[in-house]
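Step one of this worksheet: look at the structure below.
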Amino acid sequence: MRRVRDRVEASPGLRLRRWTPGDAEAVLAAFAEPVMSRQAAEPVVTLPAARRWLAARTEQWDAGSGYAFAVVDAADVVLGHVAVGAVERRHGTGWVSYWTTAAARGRGVASGGCRAVAAWAFEDAGLFRLELGHRVDNPASCGVARAAGFAVEGLQRRRLAYDGVRYDVELHARLATDSVPPAARTAGQPKRAGRAGRADS
């Protein structure tokens, strides 16, 4: 199996590292927001559930089918999550997802993490094409995708269903041959508040 780094420097004060069992409380806190329920296969409302979420990330990493990173600051405080999942080796593709904690939003954490994980996926995992999608009613997530160099490729009509409502999803992709997007700003630098940025998977 291809050897890959499990720590990546994203920018000054921002880095990616593999999730560890010791992150269970941070995961539980992140999933305390009601909208975060869409980011997990099962509700993460207890420490055992948070540990199962982390164990699933470890299993995917060990199998080479998905690579999840905690996005942390210089003090190793968890600010969010970025991952390359649904890895398909024959065609060199993967699906990018991300979320940030409530306290970290508006600081460039998601876009910085996505830029870093994309570079890692091309360089370390040997992938060629990365995809991500977001609901069309989530402009913040669209901004993250664009800032990370993911071009819009089309619309998936009524792709997702939440609480009996179906949503269109905008599909983005980035290729290993695309230009590297410039960093908009150093993570941690504040900007005007907006909706929470997250990619729907």
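The values are calculated or read from the model by the stated rules, or taken from the named source; none is laboratory data. Small disclaimer: the values here were computed from a predicted structure and weren't measured. A quick note on method: Cβ atoms are made from the backbone with ideal geometry, for glycine too, and the neighbour counts reach across all protein chains shown. Each accessible area value is taken on the protein alone, full model and side chains, heavy atoms only, with ligands, DNA and RNA left out. Shrake-Rupley method; radii C 1.70, N 1.55, O 1.52, S 1.80 Å.
Taking the residues in region 125-159 that are more than 19 Å from G94 (Cα to Cα) and aliphatic (A, V, I, L, M) as candidates, determine which candidate is farthest from the chain's Cα centre (by Cα).
Once the filter is applied, the top-ranked residue is V136.
Could you list, ordered by first residue, the pairs with Cβ atoms under 6 Å in which the first is in region 6-31 and under 18 Å from P43 (Cβ atoms) and the second is among the aromatic types (F, W, Y), at least 6 apart or interchain?
V27/W53
What number of residues within region 5-17 satisfy the criterion of being within 21 Å of G66 (Cα to Cα) and surrounded by fewer than 16 Cβ atoms within 10 Å (Cβ to Cβ)?
Total satisfying the criteria: 4.
So G113 fits all but one of (1) assigned to a helix (DSSP H, G or I); (2) over 10 Å from the mean Cα position of the chain (by Cα); what number is the exception?
Unmet for G113, out of (1) assigned to a helix (DSSP H, G or I); (2) over 10 Å from the mean Cα position of the chain (by Cα): (2).
Within region 129-180, count every residue that is closer than 25 Å to G108 by Cβ and part of a strand (DSSP E or B).
The number of residues fulfilling the criteria is 17.
From the list V44, V71, pick out the single residue that is part of a loop (DSSP other than H, G, I, E, B), β-branched (V, I, T), surrounded by 15 or more Cβ atoms within 10 Å (Cβ to Cβ) and at pLDDT 95 or above.
Exactly one of V44, V71 is part of a loop (DSSP other than H, G, I, E, B), β-branched (V, I, T), surrounded by 15 or more Cβ atoms within 10 Å (Cβ to Cβ) and at pLDDT 95 or above, namely V44.
Do you know which of the residues in region 89-120 that are of a type in the set (V, I, T) and more than 17 Å from E131 (Cβ to Cβ) is most open to solvent (accessible area, probe 1.4 Å)?
Looking at residues that are of a type in the set (V, I, T) and more than 17 Å from E131 (Cβ to Cβ), I get T101.
Of the numbered conditions (1) open to solvent by 30 Å² or more (accessible area, probe 1.4 Å); (2) within 17 Å of W120 (Cα to Cα), V77 satisfies every one except a single condition; which is it?
With respect to (1) open to solvent by 30 Å² or more (accessible area, probe 1.4 Å); (2) within 17 Å of W120 (Cα to Cα), V77 is out only on (2).
In region 157-173, which residue that is touching an Asp or Glu at 6+ places or on another chain (Cβ under 8 Å) and open to solvent by less than 60 Å² (accessible area, probe 1.4 Å) is nearest to M36 (Cα to Cα)?
L160
Every residue in region 27-41 that is closer than 20 Å to G85 by Cβ and crowded, with 16+ Cβ neighbours inside 10 Å, please.
V27, A30, F31, M36, Q39, A40 - these are the residues of region 27-41 that are closer than 20 Å to G85 by Cβ and crowded, with 16+ Cβ neighbours inside 10 Å.
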